[in-house]
Amino acid sequence: MNCGEAQSLIEAFIKDELSMRKTKEFIDHIESCGTCREELEVRFLVEMTAAELDNETDLDYDFANMLKNRIVEKKRRIGNYTLLAFLILLVSAVLLVLAFYYFIIL
């Protein structure tokens, strides 16, 4: 992913509108690109401040920690999604072997 694409996805990332694949690509990019990471931090700060003003709710003002926690949570979800996809593939393969055994060999 290049910087232009990453920066175009910042708003969707903040609003949790990216697919798992795009989220992983985005996180991989911002973890290796300081410029895009800074842009994400600034836009996250603006978005959270605007949300607070619109909703008149009390937010934790540690925006850097909020963003860090959000990234950690998304990475955890990606890991869980990858594990689930692997398990589904494994179960499908086992069922296919069992079906082959049942219908062909028996």
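Summary of values
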| quantity | calculated |
| --- | --- |
| Complete set of residues in the range 32-51 that are more than 21 Å from residue 20 (Cβ to Cβ) and at pLDDT 90 or above | 34, 35, 38, 39, 41, 42, 43 |
| Test: residue in the range 52-71 that is surrounded by 17 or more Cβ atoms within 10 Å (Cβ to Cβ), part of a helix (DSSP H, G or I) and either modelled with pLDDT of 95 or more or under 12 Å from the mean Cα position of the chain (by Cα) (or both) | yes |
| Qualifying residue in the range 72-82 (condition: at pLDDT below 95, under 22 Å from residue 5 (Cα atoms) and not charged (D, E, K, R)) | yes |
| Leading residue by the ranking (farthest from residue 43 (Cα to Cα)) among those in the range 3-33 that are of a type in the set (A, V, I, L, M) and outside any helix (DSSP H, G or I) | 18 |
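The values are calculated or read from the model by the stated rules, or taken from the named source; none is laboratory data. Every value quoted in this text rests on a predicted model; they were computed, and no experiment measured them. Cβ sites come from the backbone with ideal geometry, for glycine too, and all protein chains shown count toward neighbours.
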